[in-house]
Amino acid sequence: MVLRFKLRTEDRVSYDISKDQVEARIARNRPWFVAGTERRDDRHYAVCPWCDNPIQLKALYRRDTIKRPHGSHTGKPQAGVGRFDLSRQLNCPYRLTRQPGAKDDRRPRSEDDRALIAFVRDEFDRIVLTLRRDLGVSFSNDAARRMLQSWFENSGFLYRHINFRNLPWMIVYLAVPLNLYRQKGFAEEIKASIQQKVSSAEFDQAGRLQSTAPWLALTLQPLHHRIRRDPDDRIEESMKLWIKDYSRTNDPSRAPLIHQAVVTFDHDRFERLVATPPDRARRDDDLLEIARQILGEP
Ligand SMILES: [Zn+2]
């Protein structure tokens, strides 16, 4: 049961499927509303925010049903609504039968690429804001630039499980590991792990990670992207974070693990950030400029 909808493929914000939201946003307008010969045959359609396929909105009015309002993939094209793409539908979190595979599990190039890249270009400052909070380190704009560059060069937008809702986390997931040397603004628990386990590490007055040894190579690497449906049919998506010490070895199996955590994606929070009205939004022009330099002008 899909629990959120949007109107158009290119929409970056979605809504709960409820009678009120559907009445406010679709009402009896085409192409989303299709009148039946009798009122009970009326149908509402919308777009699944995870896979952009058409969904039919069900159980909006019937009170005698045990099912709450929800969407169900139509499994075929619906005139004017979304874009039917079976392979994307099979990878929709609501249809997924197995966990995401390796990071190089890619889909063929398609018209979706441009929409994803445009989204990153327009929202890169908010993506970075989300990641700085969730990763527990206020990495610099230069680090953000390297992250985006490697994501783009590795065609991270082709990862089979990327979509508008999980975009921020999929950027760091598919980029080169983040080098923590000289970064600052660490969450307390990360700082404590580093202080406890890396004897040459120290933090200066600004909270910047420094080293008393000539060489310190601490990297933060996301892994194990996981997608689950909870018992209420909400999508729970997460990844692990590992901070490892590569100062003495390049071998991942021998590099000491300094800290680990699990990041659970708050898709709705990111969407609310994207939906901030322009007069209340605080944008970071430097980060937006970095994104334009790497991804190109619209
Ligand atoms: Zn879907």
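The values are calculated or read from the model by the stated rules, or taken from the named source; none is laboratory data. Given the structure is predicted, the values throughout are model-derived calculations rather than measurements. Here the Cβ is made from the backbone with ideal geometry for all residues, glycine too, and neighbour counts use every protein chain on show.
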Taking the stated definitions as given, is residue 121 part of a helix (DSSP H, G or I) and either within 25 Å of residue 48 (Cα to Cα) or charged (D, E, K, R) (or both)?
yes
Taking the stretch 13-31 and keeping residues assigned to a loop (DSSP other than H, G, I, E, B), surrounded by fewer than 12 Cβ atoms within 10 Å (Cβ to Cβ) and aliphatic (A, V, I, L, M) leaves 27
Show the residue pairs meeting these rules: Cβ distance below 7 Å; 6+ apart or different chains; first residue within the stretch 88-114 and without any contact (Cβ under 8 Å) to a residue 60 or more places away in the chain; second residue acidic (Asp, Glu) and within 10 Å of the ligand (Cβ to nearest atom).
88/52
Is it fair to say residue 54 is free of Cβ contacts under 8 Å to residues at least 40 places away in the same chain, within 29 Å of residue 152 (Cα to Cα), within 14 Å of the ligand (Cβ to nearest atom) and surrounded by 12 or more Cβ atoms within 10 Å (Cβ to Cβ)?
yes
Can you find a residue in the stretch 32-39 that is in a loop (DSSP other than H, G, I, E, B), surrounded by 12 or more Cβ atoms within 10 Å (Cβ to Cβ) and at pLDDT 95 or above?
yes
Could you please find all residues in the stretch 86-106 being under 23 Å from residue 6 (Cα atoms) and either among the basic types (Lys, Arg) or within 10 Å of the ligand (Cβ to nearest atom) (or both)?
88, 89, 90, 91, 92, 93, 94, 95, 96
Of these, 210, 260, which one is modelled with pLDDT of 95 or more, assigned to a strand (DSSP E or B) and either within 26 Å of residue 161 (Cβ to Cβ) or β-branched (Val, Ile, Thr) (or both)?
260
